[in-house]
Structure formats: structure tokens, C-alpha cells
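The values are calculated or read from the model by the stated rules, or taken from the named source; none is laboratory data. Source: prediction; values computed, not measured. Neighbour counts are summed over all protein chains in view; Cβ atoms, including those assigned to glycine, are modelled from backbone coordinates with ideal geometry. Note: accessible area is taken over every heavy atom of the protein model, side chains too, but ligands, DNA and RNA are not part of it. Shrake-Rupley method; radii C 1.70, N 1.55, O 1.52, S 1.80 Å.
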Amino acid sequence: MSSLLNSDKIILDLCGGTGSWSKPYKDNGYDVRIIDPQEWLDDDYGTGDVRLYKKPKEQIYGILSAPPCTHFSGSGARWWKEKGEKPLLEGLSVVDACLRIVFINKPFFWVLENPVGRLSKYLGKAKNTFQPYEYGDAYSKRTCLWGNFNMPKPTDIVEPEMVEFISKKGEKKRMDKFYYDAFFLPKKERARARSITPPGFAKAFYEANK
């Protein structure tokens with residue numbers, strides 16, 4: 001019955017990749033529309049590029065947005081100067097598109113996420129931040145959230161699962177197993193795997209914003 005009641009509620013998953021963030025909504029009968037070049041193409045709404053999105057006639061219930069963090073994340077700060085402004089402008093154009101989509105649709109809730117980094121210089125201080133390990137996923141990735149939404153309380157705080165290894169320089173190092181395992185994936189899959197919304201947080205966010 002609840003699935004039928006939710007079927008007229010549209011959720012836009014912007015830059016949604018595999019749809020990990022919107023999965024709880026889809027599982028509960030919402031009309032989830034992933035707008036991502038690699039996952040969803042439909043002439044009715046433009047292409048999978050959020051910058052070419054066309055406003056639908058229907059009311060949008062909620063918007064989840066996760067613009068690529070390649071040129072924003074603090075973990076890549078050492079390359080910012082070398083990359084120059086062009087990649088930054090490219091990244092900001094996607095963020096601007098996500099915010100435009102929010103503005104023209106006026107959803108009941110919306111949220112934009114990105115790891116801690118320089119996006120705060122352009123959007124201001126984040127409304128909230130979270131760690132995957134606060135919701136049962138055993139790794140760390142401090143992530144910022146901007147928008148109009150209910151912040152879910154931590155549901156299952158666990159210890160990050162760590163791996164010790166020897167670097168190419170022969171140094172003993174330690175890192176989250178989640179990221180260590182990603183190193184062994186093909187390059188294209190590696191970034192995608194790292195960008196997946198933690199399932200524990202996705203579920204908690206749905207419960208707080210359904």
C-alpha cells in the first residue's frame with residue numbers, strides 16, 4: 001500500500017551514478033529519475049547532463065544531488081594549482097546546474113552533497129556533515145550537505161575498518177579498507193566506487209525525508 005501512495009512522488013537524483021542514494025526511495029515505490037550521463041538518458045527531460053535538464057510538468061517531491069567532487073575534494077588539494085581554473089569552472093557549472101534545477105522545481109526537500117573541500121568557498125558553510133561510519137558503513141569520508149532537508153541522526157556508529165600495507169617506497173601505511181580495495185579496480189570504476197553514497201546513510205536519509 002505504501003508503494004502505491006508514493007508512486008506519484010518524483011525524486012530527482014542528480015549526478016546520481018548508480019542510484020545508490022535514491023535506492024531507498026525507489027525500493028519504496030517513489031518515481032525516481034536518475035539524471036547522469038552514464039545511467040539515464042531521456043529526451044523528455046534533456047540528456048543525462050544536468051546542465052541540459054528541462055523542467056517537467058509534474059511537481060517534484062525531492063532532489064538529491066551529488067555533483068562530481070574531482071575538482072573540489074580536499075584530498076586532491078595538492079593538484080588544484082597544477083590543474084588551473086578550467087576544471088574548477090567545469091565542476092562549478094555542474095553545481096550551478098543542480099542549484100538551478102532546485103530553483104525552478106521548488107521541491108519539498110533538496111540536498112547537495114560533496115566531501116570536505118573547496119566547494120564551501122562557493123556555497124558557504126554546509127548545513128550539516130556526516131561520516132559513513134556513523135551509519136554502519138565502516139569507513140571515513142567527511143561529507144558536507146547543503147540544502148533544505150531533515151538531517152538523520154546517527155543510527156549505528158562503528159569503527160572504520162583499516163588495512164596496513166607497504167607502499168611502493170617501502171613505507172608502512174594504514175588506510176580505510178574501503179579505499180584500499182578500490183585501488184584494485186579499473187581506473188574508471190575506481191572513482192565511481194568511491195563516490196557511491198554509503199547505503200547506511202542513504203537509508204537513514206530516506207527515513208528522515210520521506
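Of note:
- Model label points for K55 and K86, set 7 angstrom from Cα along the Cα-to-Cβ axis, are 3.4 nm apart.
- Residues whose placed amide H lies under 5 Å from that of K9, excluding near-sequence neighbours: D31
- For N148, neighbours were defined as the other residues whose beta-carbon sits under 14 Å from its Cβ, and their charges (Lys and Arg +1, Asp and Glu -1) total +1.
- Overall, the chain carries a charge dipole of about 860 debye about its Cα centre when +1 sits on the Cβ of Lys and Arg and -1 on the Cβ of Asp and Glu, all other atoms neutral.
- Mean Cα-pair separation over length for the chain, i.e. relative contact order, pairs under 8 Å, 6 or more apart, %: 18 percent
- Ratio of the Cα radius of gyration of the chain to 2.2 N^0.38 Å, where N counts its residues: 1.06
- Percentage relative contact order, segment 78-151, counting C-alpha pairs under 8 Å, at least six apart: 30 percent
- Total formal charge among the other residues, if their Cβ is under 12 angstrom from that of E164, Lys/Arg +1 and Asp/Glu -1: +1
- Test item: Cα-centred dipole of segment 93-176, Lys/Arg +1 and Asp/Glu -1 on Cβ, debye: 500 debye
- Mean-square fluctuations from a GNM of the chain, with a 10 angstrom spring cutoff on Cα atoms, peak among V163, V102, V111 at V163.
- Solvent-accessible area, 1.4 Å probe, carbon plus sulfur percent, for segment 98-180: 53 percent
- With a Förster radius of 41 Å applied to the beta-carbon distance between K168 and N128, the computed FRET efficiency rounds to 0.65.
- When the chain is described by a simple charge dipole with +1 on each Lys and Arg Cβ and -1 on each Asp and Glu Cβ, the residue from V116, L145, F103 located farthest towards its positive end is V116.
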